[in-house]
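Notes follow once the structure below has been shown.
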């Protein structure tokens, strides 16, 4: 089966445009909700470490963010922010993400967040591609769609 055939398992953006409508904006809002939650969790952790976590706070934030994103994507194909805004990920076969796919997606996300130019490219792709896919989505064949009610 070719890569193009595998991508055919995803909802067609022309026949099922409602699955992609507004996804990019809601993905941005979900990201803000997730970042806020991660920040609050790290604020709870800092005093539990006798405030020594302040010396490595950026690493703590990255580690908590990575674990949170991987755990929520692996368990429900959406972070809690994504669930709040009614979107979820599908893999190239049109199925929810499994643990390995979630791990790969979060790794790609973290790598793209490490470089502003790559992140801007990813956002640009979400705004212009037919399935509203970012760079990591294109590499893995995943899509974010509106969750069925």
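FYI, it's all coordinate maths here, none of it is from the lab. Predicted model, so just to flag it, every value in this text is computed and none were measured. Virtual Cβ from ideal backbone geometry, glycine too; neighbours counted across all protein chains shown.
With contacts taken as Cα pairs under 8 Å at a separation of at least 6 residues, the chain carries a relative contact order of 30 percent. Taking every alpha-carbon pair within region 20-107, the share separated by more than 19 Å comes to 44 percent. Scan [x] 1.64; [y] 1.21; [z] 1.09 for the value of Cα Rg over 2.2 N^0.38 Å calculated from this model and give just the label. The value computed from this structure is option [z]. Length available on full extension from residue 117 to residue 12: 0.36 nm per residue minus the Cα-Cα distance, which gives 34.9 nm. When each of 87, 123 is scored by the number of other beta-carbon atoms lying within 10 Å, the sequence from fewest to most is 123, 87.
Relative to the longest principal axis of the Cα atoms of the chain, the long axis of helix 116-128 makes an angle of roughly 30 degrees.
Comparing 32, 117, 73 in a Gaussian network model of the chain where C-alpha atoms under 10 Å apart are linked, the largest mean-square fluctuation is found at 117. Summed over qualifying helices (DSSP H, 4 residues or more, each -39500 (n - 2.57)) and divided by its residue number, the chain shows a 222 nm mean residue ellipticity of -19000 deg cm²/dmol. Footprinting exposure proxy ranking of 14, 137, 34, fewest other C-beta atoms within 10 angstrom first, gives 14, 34, 137. When 18, 88 are sorted by how many other C-beta atoms sit within 10 angstrom of their C-beta, beginning with the fewest, the order is 18, 88. To the nearest ten degrees, helix 23-48 and the longest principal axis of the Cα atoms of the chain are 20 degrees apart. How far, in degrees from 0 to 90, does helix 57-76 lean away from the longest principal axis of the Cα atoms of the chain, to the nearest 10? For helix 57-76, the angle is close to 40 degrees.
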